[in-house]
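Asks: Dropping the structure in here first, questions after.
The values are calculated or read from the model by the stated rules, or taken from the named source; none is laboratory data. These figures come from a predicted structure and were not determined experimentally. Ideal geometry is used to build each Cβ from the backbone, glycine not excepted, and the neighbour counts take in all protein chains shown.
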Amino acid sequence: MKRGTLNQASRLYRSRKYAEVIRLLEPQVFRFRESFRFYYFLGLSCLHTGDFGGAFSYLSRAEDLNRDDPDTLNGLAAIHLKRHETEDALRLWLRVIDSNPKNRIAERGLQLLKKGSDVETLYNLLETNTYQKYLPKPGVVRRFVPFIMLLVVLIPAFYFGGLYFYDLIIERRSSSRPGSEVIDISEEEMITEYSGSYRYILTEDQLSDAFDRIDKNFAAERDNLVMKDINYILGSNASGDLKKKVQNLASYLSEPTFTTLQDPFEYSEVMEDPFLYNDCYVIWKGRASNITATEEELRFDFLVGYHENKILEGVVPVELDFAARVIQNTPIEILGRIKTDGRNIMLIGVSIHQLEP
């Protein structure tokens, strides 16, 4: 199983799908704690997404496991460069050159430092020399094909490929997202009840409007809004059959990443009516306090909005079932799923980014 996971990560990394690599690997730190490839893909993916804290942590572990890998050393050097820690960057690039004198990234880094090592000069140089030039890149497969052979291959490919994509477009037009059939509900099924205690009392028209929103947002893959309306119906006087259908629909919703989450909710919005946001996802910034860690989980109190030491919006308990680099009173950003009893909330962490102080 480990081999399959890392091969999948390798394919995603070579395709430059860095956020997907992070999403795949971060929850599995405990399983791969002795794997160089694990920390290599995870650290470099964090580096390319701008998570320098996470990148430094993971690449440092990769270096522990393989001290001579040039991409790992170049990645760490790039982080030191970003932090204007020129002596550390120089030391790492020289290590790369010692083992591989023609390494282009290390050569570029050394040339940059020759031009100027003070903070102001480096800042100006990095403004004119794109920082991406100093980051390790996924390997590129180069294909050299004679022109005639290229035509022989491409002309049939365009013809048959055109037919394939035409059929694919037609097929997609006639299909829909899996789970759409769950909410294919007629007007006759829009039944409300008035015996019992409910959080929301809806008319049949209001119930129909809620299902229309679910249908529209589900097709657009705006799953956070779908989940909010699912909770709305579950807390309402809708019939039991309708509630079963929306509960079933929830199983078709996707877990997001930092880059794919649409419609994140603010803390103040959630606290107006926490029930509506159960199992919805949020991205909040803040600081961790009261951290407790075991081999299987990590818990802490999250000071929402306090990442700049200015405004404390609230304190939310967080649970992580994966290893993460969380430092007391250091600014972080959390992607998490809300769990609530209707009044109080907590977050089930999905992913964490370290923020630059």
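Asks: Quick test for you: out of Phe32, Phe41, Phe52, pick the one residue that is out of contact with any Pro (no Cβ under 9 Å at 6 or more places or on another chain), among the hydrophobic types (A, V, I, L, M, F, W, C), assigned by TED's automatic domain parsing to the domain that holds Lys115 and closer than 19 Å to Ile327 by Cβ. Walk me through how you get there before you give the answer.
Replies: Working: Phe32 fails: closer than 19 Å to Ile327 by Cβ; Phe41 fails: closer than 19 Å to Ile327 by Cβ.
Of Phe32, Phe41, Phe52, the one residue that is out of contact with any Pro (no Cβ under 9 Å at 6 or more places or on another chain), among the hydrophobic types (A, V, I, L, M, F, W, C), assigned by TED's automatic domain parsing to the domain that holds Lys115 and closer than 19 Å to Ile327 by Cβ is Phe52.
Asks: Follow-up. Can you tell me which residues in region 310-357 are hydroxyl-bearing (Ser, Thr, Tyr), farther than 19 Å from Leu42 by Cβ and assigned to a strand (DSSP E or B)? Reasoning before the result, please.
Replies: Taking region 310-357 and keeping what is hydroxyl-bearing (Ser, Thr, Tyr), we get 330, 340, 351.
Those left that are additionally farther than 19 Å from Leu42 by Cβ: 330, 340.
Across region 310-357, the qualifying residue is only Thr340.
Asks: Given the condition outside the structural domain of Cys280 (by TED's automatic domain parsing), in contact (Cβ under 8 Å) with a residue 12 or more places away in the chain and more than 28 Å from Gly349 (Cα to Cα), answer yes or no: does some residue in region 225-235 qualify?
Replies: Of the residues in region 225-235, the ones outside the structural domain of Cys280 (by TED's automatic domain parsing) are 225-235.
Still in the running and in contact (Cβ under 8 Å) with a residue 12 or more places away in the chain: 225-235.
Filter once more, so that each one left must be more than 28 Å from Gly349 (Cα to Cα): none.
No, that holds for no residue.
Asks: Next up: Which condition does Ser15 not pass, out of (1) more than 15 Å from Arg325 (Cβ to Cβ); (2) surrounded by 15 or more Cβ atoms within 10 Å (Cβ to Cβ); (3) hydroxyl-bearing (Ser, Thr, Tyr), if it passes all the others?
Replies: If we test Ser15 against (1) more than 15 Å from Arg325 (Cβ to Cβ); (2) surrounded by 15 or more Cβ atoms within 10 Å (Cβ to Cβ); (3) hydroxyl-bearing (Ser, Thr, Tyr), just (2) comes out false.
Asks: Please specify each residue of region 27-43 satisfying the condition of being part of a helix (DSSP H, G or I) and farther than 24 Å from Pro70 by Cβ. Give the steps one after another, and end with the answer.
Replies: Step one: filter region 27-43 for residues part of a helix (DSSP H, G or I), giving 27-28, 36-43.
Those that are part of a helix (DSSP H, G or I) and farther than 24 Å from Pro70 by Cβ: Pro27, Gln28.
Asks: Okay, next question. Condition first: touching a residue at least 12 places away in the same chain (Cβ under 8 Å), more than 24 Å from Arg33 (Cα to Cα), of a type outside the set (Lys, Arg) and surrounded by 19 or more Cβ atoms within 10 Å (Cβ to Cβ). Can you find one or more residues in region 305-318 that meet it?
Replies: Checked region 305-318: at least one residue is touching a residue at least 12 places away in the same chain (Cβ under 8 Å), more than 24 Å from Arg33 (Cα to Cα), of a type outside the set (Lys, Arg) and surrounded by 19 or more Cβ atoms within 10 Å (Cβ to Cβ).
Asks: Go over the candidates Glu181, Glu221, Glu171, Glu204 one by one and state the one that is at pLDDT below 95, under 28 Å from Val282 (Cβ atoms) and among the charged types (D, E, K, R). Steps first, answer last, please.
Replies: On the way: Glu181 fails: under 28 Å from Val282 (Cβ atoms); Glu171 fails: under 28 Å from Val282 (Cβ atoms); Glu204 fails: under 28 Å from Val282 (Cβ atoms).
Result of the check over Glu181, Glu221, Glu171, Glu204: Glu221.
Asks: Look at region 60-87 and say how many of its residues are assigned to a helix (DSSP H, G or I) and closer than 16 Å to Gly43 by Cβ.
Replies: Restricting attention to region 60-87, the residues satisfying the condition of being assigned to a helix (DSSP H, G or I) are 60-65, 70-82, 86-87.
Those left that are additionally closer than 16 Å to Gly43 by Cβ: 60-65, 70-82.
Here the count works out to 19.
Asks: Can you confirm whether Asp301 is modelled with pLDDT of 95 or more and touching a Lys or Arg at 6+ places or on another chain (Cβ under 7 Å)? Please lay out each step first, then the result.
Replies: Values: modelled with pLDDT of 95 or more: yes; touching a Lys or Arg at 6+ places or on another chain (Cβ under 7 Å): no.
For Asp301, the condition - modelled with pLDDT of 95 or more and touching a Lys or Arg at 6+ places or on another chain (Cβ under 7 Å) - is not met.
Asks: Taking only pairs six or more apart or across chains, which ones have beta-carbon atoms under 8 Å, a first residue in region 101-127 that is within 14 Å of Lys82 (Cα to Cα) and in a loop (DSSP other than H, G, I, E, B), and a second residue that is polar (S, T, N, Q) and modelled with pLDDT of 60 or more?
Replies: Taking only residues 6 or more apart or on different chains, the pairs are Ser117/Thr86.
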